[in-house]
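One structure below.
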């Protein structure tokens, strides 16, 4: 791909054509991904029956056979996979191997809480992270910059479960500022205020890691851009530093930050396992880890597909955003 | 705009909720810990969670809370005949299903038929394979006959929830487990009736005023779900719930707080280091004895468990079941070394690391295994503990062609009560997989004979005598190195009155009398 | 075509000496970087030599002295089986730094290679490699880990490899994005016009422009890898008992009682980890400034 060949998006080719192509490829990717996960699950030790039986209770061979057929575990692998794929294409994602509820319903129930928690957590992180990243870059190598660095790396070195347990102990048990976990107060009507009360603590704790990460990348990318010639020129013209940064720096510095956010958003669809576990937040992460513990194949497959769609969409959006941020970027 | 329009009714909602008789709804973590099974609603296929099922369903009989004898629940009384081959139950009069229909003996027959039908996925079907006939006499008498004596039938009945025939007969047995009836509008005869299941969050019940045992004192009951015991304990401390199971290390944070009452009891699960009978290095009893002398069990219980465990010299710790002249294998590393030398350990295995497989993934077990590892290293045995999840564990030990090299030793637990026959699952040669769960292939003819004999003896004293012999035999032959029976704990707020809870395997199965529970301000 | 390439290369080597000197001077001016380098060397030294100087070994249990607070005998107290926390902190540092550095190295190598190739070559290579990245980002790690654990069992080498191979996709996307930005810039187009090969473009024009991303990624990934290691022991991977690592020392705080009543058991490892990644980041920042030819202007 020499210099001229790079113009793969000639003036006539609209960005929608590029998106259309990517969407088509993504559909194929999803099938490939589902095949891979299906295979991996069967390679993983233990199946839904292993996870369910209690060695203290004898189970007869006949019962095992019944369980296997109830769970669709009999027959060759290819048949099992094709049956699953056929059902999915007809809109049926199968039934949970534990309580036999439809997988689509299980996922739909968790979608709201997950989007709420991950959305607010990441939004908060993007705002605070980019702002503090800009501050750290502008006042680079000052006490302020160093303090922000120390805070960020303390945040990075604190695993999610620890932050969640400490947060719960301090703000729920000791100070009584927030309820100790859950999504709503049981037995009371579902209100926005009640959910918000439960949301704040886990969302803030979730945002810590993302804030720290976004801050470090923003700072680094901004410093990189601030050394470029045209920014130097702008500065030499006597423009105030903040104006230089906003007008010339930030826009280009955003490329890595957007990449990072894109990657986070994609996987965020899967929820935050540790924070949801500690706070009992009924999100996708909790559903997923329970499903893995139970080797609940249909649920794992369903959630993996949702995560797949999330990652593919987020990466596509990221690639499109690059062009908007820096019109020189082109795809072949 | 939208938000503004939503707010007034939302506020009204909160006001209405607080206008309810506050403090009359008990919120608990009833499915927290090893006795719980959150998100499972079909009691026929459930292996735990009976504490909660017992609040809206009921069984024929239950244990008393001390697990010393059976008491009637839906059965007013019962008789046993023909040496355990025939049981007759007389139902309590005037029992209503929560939809107003009367309970009849037909419901009991219907439930037993479902439970013995493998198509339902029932966990009882294996144990009920000798069921011969169920006959109904009049409205309130049922007689159950077996082709061979079944002396453990009453124990099974403490976990079998009686189901309404008039609501479930139309569902084919093979589709029963998949039915949404269980989590949308199940109907039982218990003191509380189902209101709703909020997936992944909680189950809500309300009082059933026509309950045969009297109108419940509480207006409702909520079972809140927690993924970790730690978060449930924090929620209890914060006042969000009034009861939960807690881990032993949490107890100290509640013990001296007047706002809480700590409930302790035996887990009825014996922990052991199980030797794979197919592993050549453990063929010699001297080697197995050396393990017992090399591990300072008393020090582990005193320090790591903080005393909250009872040393087990055989599968049982209940005083009635202890055999005579048991060897307590006091800590004696010198003797362990001698025994190993005598057995030729350096030829048998030497310093090669021996994997110890376990499904316990908590910090306490990691500490216990580290301690054992250090103690065994002193006598020249190198163990390599490996913690895996339950599904992985079962897939290794119950594989169709198990490889003993993957589990020459397991660190595991086995239910040893309240019915002492439970341990036969892992110790009788009649229970080799796939028939049973004797996955270590323990094959000691004396033990197998004792379990078979006990299984056809109805007289309690004769049974007890046989289980004492089981205890003595295990203590002598050491198919496993028995370790201890840990104590388990629950914590309840002192604002809850008449609350009955006790640790038990799978939870429940005892008369908890939820209709008498109440809350004081 | 071969000639200009060679001559430029030689001229590059001639100047490299003075460039190196200038870079060192710039690095030494960066106070945080020098501090970070000193502190990091101290940590590495302590971790390597410390265990030789201590009386108690890291795996030596003492059931009569469990959960003891710091004292003259045990400077940082003891853990749940009476092992000396200081000894475990130092021994654990070896393991954690090894796993962290190894895994981060693998992720850096794989991620920047794939990202650069995709970014420089573009076209179908870019499309294919990026779909590979999509795939790697989508597969649920826990399922993958269960499979690996059942095949290999625990061990430092496997753990390092697995963590490294799980963490490269983000870097690949970051590196590719940076190449997309600079690909059309004049000096790169010019270099390509002069017939410079892909490898040369990546090394000569790519790397200097990537240092900022690589530094941040490396310092964050080091912490991630060290923490991730501890999470793996619960599914039969990770570092086997009783070996200490910073990750499994921090993990002890999963028990609420350890978290609230025995902070000396997890806090030192947490602080050591934070300090280490902070140092790595400062050193990286200093390197970036030192190697950036424009920062002198």
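A short reminder: the numbers here are calculations on the coordinates, not readings from a lab. Only a predicted model underlies this, so the values are computations on that prediction, with no experimental measurement involved. In this analysis, Cβ positions are derived from the backbone assuming ideal geometry, glycine residues included, and neighbour counts consider all displayed protein chains.
What separates the Cα centres of segment C:52-78 and segment B:481-508 is a distance of 34 Å.
Between residue B:256 and residue B:169, the distance separating the two model label sites (each 7 Å from Cα on the Cα→Cβ line) works out to 6.3 nm. Packing order of peptides B:99-109, C:157-167, highest average first: C:157-167, B:99-109 (average count of other Cβ atoms within 10 Å over each peptide's residues). A helix-only calculation puts chain A at -23000 deg cm²/dmol for mean residue ellipticity at 222 nm, using -39500 (n - 2.57) for each DSSP H run of at least four residues, averaged over all residues. Per-residue Cβ neighbour counts within 10 Å put B:253, B:55, B:45, B:68 in the sequence B:68, B:253, B:45, B:55, beginning with the fewest.
Compared with the direct C-alpha span, the chain from residue B:494 to residue B:328 gains 55.8 nm at full extension, assuming 0.36 nm per residue. Taken over the alpha carbons of the protein assembly as shown as equal point scatterers, the Debye sum produces base-10 log I(q)/I(0) values at 0.05, 0.07 Å⁻¹ of -0.38, -0.73.
Note: relative contact order over chain A, using C-alpha pairs below 8 Å and six or more positions apart, is 27 percent.
Helical runs (DSSP H, four residues minimum) scored at -39500 (n - 2.57) apiece and divided by the length of chain C put the mean residue ellipticity at 222 nm at -24500 deg cm²/dmol. Applying 1/(1 + (r/R0)^6) with r as the Cβ-Cβ distance of residue B:351 and residue C:56 and R0 = 25 angstrom yields a FRET efficiency of 0.60.
Only Cα pairs under 8 Å and 6+ residues apart enter the sum, and on that basis the relative contact order of chain B stands at 22 percent.
Would you give the gap between the C-alpha center of segment B:410-475 and the C-alpha center of segment B:72-102, rounded to a whole Å? So the separation of the two Cα centres works out to 30 Å. Taking every DSSP helix (H) stretch of at least 4 residues in chain B, weighting each as -39,500 (n - 2.57) and dividing the sum by the residue count yields a mean residue ellipticity at 222 nm of -8500 deg cm²/dmol.
In a fully extended conformation the segment linking residue A:176 and residue A:236 would gain 16.2 nm over its present Cα-Cα distance, using 0.36 nm per residue.
Oblate is the label for chain A. Its Cα gyration tensor axes, ordered a ≥ b ≥ c, give a/c of at least 1.5 and b/c at or above a/b.
Subtracting the Cα-Cα distance of residue B:476 and residue B:435 from 0.36 nm times their residue separation leaves 12.1 nm of extension gain. Given R0 = 60 Å, the distance between the Cβ atoms of residue A:328 and residue C:48 translates into a calculated FRET efficiency of 0.80. Quick one: grab the alpha carbon gyration tensor of segment B:267-486, order the square roots of its eigenvalues as a ≥ b ≥ c, and give me rounded if a/c is under 1.5, else prolate or oblate depending on whether a/b is larger than b/c. The shape class here is rounded. Please work out the FRET efficiency for the pair residue B:456 and residue B:361, using the Cβ-Cβ distance as r and a Förster radius of 45 Å; give the result to the nearest 0.05. Calculated transfer efficiency: 0.70. Across peptide C:172-181, the average count of Cβ atoms from other chains found within 10 Å of a residue's Cβ is 6.
With contacts taken as Cα pairs under 8 Å at a separation of at least 6 residues, segment B:267-486 carries a relative contact order of 38 percent.
Taking a point 7 Å out from the Cα of residue A:92 in the direction of its Cβ, the residues of segment B:149-172 whose backbone N falls within less than 19 Å of it are B:172.
As a ratio to 2.2 N^0.38 Å, the alpha-carbon radius of gyration computed for segment B:165-251 takes the value 1.38.
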